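Here's the structure, in structure tokens; my notes come after.
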Amino acid sequence: MKRLLFIIFLFVSLMGASGCSTEPTPGGDDIEQARTSYSKGFYLEAEKEYEQYLQAAPQGIFRKEAWERLSEIAVTVKGEYDRAVILLEAMYLELGDDQEEGWKIMYQLGEVYSVLGNKPKAIESFEKCLLHAAEFPDKTTQTQLRMARLYRDMGNYGQVAATLQYCADSAENTDDKAQCLYELAQSYSFISSWSQAKNALESLLNLEGVSEETRALSIFLLADIYENDRNHAKARELLESIVDTYPNRRVVESRLANLPDVPKKPIPLVPPKN
């Protein structure tokens, strides 16, 4: 009996020493109710409850979840992009010291500014992304590609070329390098800089380990360039080489059917020997 009482006493003492308490966790009810409302699709109720949690738990361990849900509701449910800007900027102030989290928040903010049509602010957000992506090569490439597309929408092709060339030069793997070069070639083709587009594609096709799909897309674009130069024989040769690898076979077959026939060179007659 004494042994049993000692064990019970020891257990209670250890529980007290570990800091166990029956006191409720600040914001605990709010976060649980918010999760329930969110899972049931009651997004407006969830929004209020996540806000209440942020107010009730300044040091709460679920604050990241609350911020993410609030920004998600603002963008995808309510379409309130101005509110999303405020939420993401507040979230960045709180969580931006973490490099990966800072990149994620700034990337989302860049997308929101893009939807709002504020491209300069979007570029500014993506530039901050690059600072956070220093240790994440894949995120660096993703950010540079997104910035290049924004510059292209703005008609700033000088910045497009500079961004994508740097993207290709700094890429740490073949897939990223190929993607940057393909986007660069496309951008040059949009402004009819055919020779520069051709150079980018040839650099891409000289890479080893390029995926079959990327190679096929690049050859298709290169065929466009040769067709523009009226080198229909070369364009046909390139298109025929990707009939089985291009994502949409019918597109290639249609292009081939619309190419002008290349006249065959006459076979010279050899005079009979005497």
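The values are calculated or read from the model by the stated rules, or taken from the named source; none is laboratory data. This is a predicted model, so every value here is computed, not measured. With ideal geometry, Cβ positions are generated from the backbone for all residues, glycine too; neighbour counts draw on all protein chains shown. All accessible areas refer to the heavy atoms of the entire protein, side chains included, with ligands and DNA or RNA removed. Shrake-Rupley method; radii C 1.70, N 1.55, O 1.52, S 1.80 Å.
Taking the stretch 146-166 on its own, how many of its residues are part of a loop (DSSP other than H, G, I, E, B), surrounded by fewer than 15 Cβ atoms within 10 Å (Cβ to Cβ) and not aliphatic (A, V, I, L, M)?
The qualifying residues number 1.
Can you name every residue in the stretch 34-46 that is among the small types (G, A, S), part of a helix (DSSP H, G or I) and open to solvent by 30 Å² or more (accessible area, probe 1.4 Å)?
Taking the stretch 34-46 as the starting set, the residues that turn out to be among the small types (G, A, S) are 34, 37, 39, 41, 46.
Remaining after also requiring part of a helix (DSSP H, G or I): 34, 37, 39, 46.
Across the stretch 34-46, the qualifying residue is only S39.
Mind checking which helices (runs of 4 or more DSSP H) fall wholly inside the stretch 50-132 and carry at least 2 residues that are under 16 Å from M147 (Cα atoms) and of a type in the set (A, V, I, L, M, F, W, C)?
99-116, 119-132
For the stretch 103-152, name all the residues that are among the acidic types (D, E) and at pLDDT 95 or above.
Correct list: E111, E124, E127.
Do you know which residues across the stretch 227-264 are of a type in the set (V, I, T) and either in a loop (DSSP other than H, G, I, E, B) or touching a residue at least 40 places away in the same chain (Cβ under 8 Å) (or both)?
Taking the stretch 227-264 first, the residues of a type in the set (V, I, T) are 242-243, 245, 251-252, 262.
Selection gives I242, V243, T245, V262.
Tell me the residue from L95, L116 that is within 26 Å of E51 (Cβ to Cβ), of a type in the set (A, V, I, L, M, F, W, C) and buried (at least 16 other Cβ atoms within 10 Å of the Cβ), please.
It is L95.
Can you work out which of the residues in the stretch 47-76 that are of a type in the set (V, I, T) and closer than 22 Å to Y113 by Cβ is most open to solvent (accessible area, probe 1.4 Å)?
If we filter the stretch 47-76 for residues that are of a type in the set (V, I, T), which is where we start, we get 61, 73, 75-76.
Within this subset, residues satisfying the condition of being closer than 22 Å to Y113 by Cβ are 73, 75-76.
Working: I73: 1, V75: 43, T76: 99 Å².
Among those residues, the one meeting the criterion is T76.
Restricting the first residue to the stretch 138-166 and requiring it to be under 13 Å from D176 (Cβ atoms) and acidic (D, E), which pairs with a second residue that is open to solvent by 10 Å² or more (accessible area, probe 1.4 Å) and assigned to a helix (DSSP H, G or I) meet a Cβ separation below 8 Å and a spacing of at least six or different chains?
D138/D176
Would you please name the residue that is farthest from A161 (Cα to Cα), looking only at residues in the stretch 122-145 that are charged (D, E, K, R) and surrounded by fewer than 16 Cβ atoms within 10 Å (Cβ to Cβ)?
Filtering the stretch 122-145 down to residues charged (D, E, K, R) leaves 124, 127-128, 135, 138-139.
Adding the requirement that they be surrounded by fewer than 16 Cβ atoms within 10 Å (Cβ to Cβ) leaves 124, 127, 135, 138.
Details: E124: 18, E127: 16, E135: 24, D138: 19 Å.
Among residues in the stretch 122-145 that are charged (D, E, K, R) and surrounded by fewer than 16 Cβ atoms within 10 Å (Cβ to Cβ), the one farthest from A161 (Cα to Cα) is E135.
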